[in-house]
Structures are given as C-alpha cells and as structure tokens.
Amino acid sequence: METLRLLAVFAHPDDESMGMGGTLAKYAAEGVETYLVCATRGERGWAGGEGTHPGLRELGQLRARELEDAARVLGIKEFCFLDYLDGEVAFAPYAEIIGKIASCIRRIKPQAVVTFPPDGNYGHPDHIAIGQFATAAIIRAADANYKTVDASSPHCVSKLYYMVDTESFVNLISPLLGDMSFRVGDEIRGEFPWKDWMATTRVETLAYCKTAWRAIQCHKSQLATLGALAEMPEDAAVSALAMQGTFYRAFSLVNGGMQTETDLFAGLR
C-alpha cells in the first residue's frame, strides 16, 4: 500500500500540539508520515509581563526551538516555516503564500491535509487566513496548468479536514482557560464552538495524549496562555486532551456519507 502522509497547515508554533497533538502522535506511531507547515514563528505571542517582550527576532527564535522539540516528541517527520510575521498572515501576498503551500503539497504528496476552519477556531485572523490559503493551495497543487517556482508536478489531495472544537470540549476547558475573548479592530472575538453533531470525524487519541501533553510542555513560552490547565496533574490534562481529535471533513474524493469517521484516512486504507 502507498505510504500514508498527513500534512497539517497552521499559523503558529504550538497550534500543532495544543490543537491536535494526540492525533499527530497517533498517526506517527502507526507509521503514517506526518508533516507540518507553519506560517509564522509566533513572534508576537508573548505570554510574559508587559514590557518584557524579548523582541520579534528573539521570540521567534525561541518559539522555533520549542516547535522543534515538540515536533520531535510528536514524531513529526518534517516541518517548515513560511516565514511570515505573526499577526500579519492575512496581509501576506496571496499568490506568493499560496504558491509556497502548493509547492509543499506537491513535494510531500499528502493524501490528507488538516488546517483551521473558516472561523479560525476562535476568530484569530492568522488562523482564518492560513486556512483559506491552505484550501486554495490544494486546488493549485492539483492544477497541471499551475506552475510553482520549483517546477514540481501536480498532486491531488484526497481529503481536506478542518480542526474543530466541539461544544463538549469547549465546555470542559473554558472554566480552566478563563476569558478567551480578544479584540480585533472594533470587534470582540472568542471561542465559538461547533455543535457536536457537526464533527464528521472523531479520532480516538487517548493512548497518545500523554505524548501530546509532553509536546505541549515543550512550548514553555506559551504555557501561561493555558491558565489553570497548565497546572493540572498529567492524568487530568490527558483526559481533557482526549476530547480533541474532532474534525470536519471539508471534502473527500474517496468516501462520504453521514456516518461519523474514526480515521482521517477512511476510504484510503
């Protein structure tokens, strides 16, 4: 059977561990090749006190090292940065960033791609933008008339998934995380959970959530953003993480129907 490959396309270091660490660890342990494309180095994601930000370059270097450690824990085969600035992904030259992601898709040749849903999970502009760019790149990567700078050959992704937070998960962790709202221009945004029935796919990750928790711990600069969750005993944290692994199948060329999937590669095995 052809080697199975899973590509995650996210905005910041820690998205992979905090969002779907258990899923990535599970597939890596099963022999699936897992890959990550990260749009930024998280240069503005400082969780320390005001006036203590080490600077964009320094924080970006720190978070890149944290991601390297987390990727090793999760068994990610390869990750790369697109080299856009944290907080500015939505303003990236659209043809350029789509071309970069399309080149990655053509080189890696994943059957399944995971990215952020249209709401970016909680309205983060970088999350929304990278989800849109990744979706466009899948179309470009399959188009034989589209030319990338590396002259790579077309590749057709079989399945696209959005990583979603369901009501059950959000109701569990919200009291631990506290107020997740933040301002974007004149708007106040925050978590808007998906109804449980909207998740088309539920991957069982409990056996791999200790690995996911170790990967999260690698992102030391971001642990303060987890509130009380970061201070929980490992077993309690693992139980919470096991409620992740929920996805929305945006499209599939190999299966369909109303039955809830338990595998991102359903229809490909």
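The residues of segment 182-202 that are in contact with a Lys or Arg (Cβ under 8 Å, 6 or more places away or on another chain) and crowded, with 20+ Cβ neighbours inside 10 Å, listed by number, are T200, T201.
Residues that are under 16 Å from G120 (Cβ atoms), touching a residue at least 12 places away in the same chain (Cβ under 8 Å) and either of a type in the set (S, T, Y) or surrounded by fewer than 19 Cβ atoms within 10 Å (Cβ to Cβ) (or both) within segment 161-181 comprise Y161, Y162, T166, V170, M180, listed in sequence order. Scanning segment 48-88 for residues that are at pLDDT below 95, under 23 Å from R214 (Cβ atoms) and touching an Asp or Glu at 6+ places or on another chain (Cβ under 6 Å) yields a total of 0.
Among the residues making up segment 109-130, those that are in a helix (DSSP H, G or I) and either of a type in the set (F, W, Y) or at positive phi (or both) are G120, N121, Y122, G123. Restricting the search to strands (runs of 3 or more DSSP E) fully inside segment 169-269 and requiring at least 3 residues that are among the hydrophobic types (A, V, I, L, M, F, W, C), in contact with a strand residue (DSSP E or B) (Cβ under 7 Å, 6 or more places away or on another chain) and modelled with pLDDT of 95 or more gives 246-252. Contact map, segment 143-155: first residue over 20 Å from R5 (Cβ atoms) and assigned to a loop (DSSP other than H, G, I, E, B), second residue modelled with pLDDT of 95 or more and basic (K, R), Cβ cut-off under 6 Å, separation 6 or more or different chains; pairs are Y146/R140.
The values are calculated or read from the model by the stated rules, or taken from the named source; none is laboratory data. For clarity, every value in this text was computed on a predicted model and none was experimentally measured. When we count neighbours, we look across all protein chains shown, and the Cβ atoms used for this are built from the backbone with ideal geometry, even at glycine.
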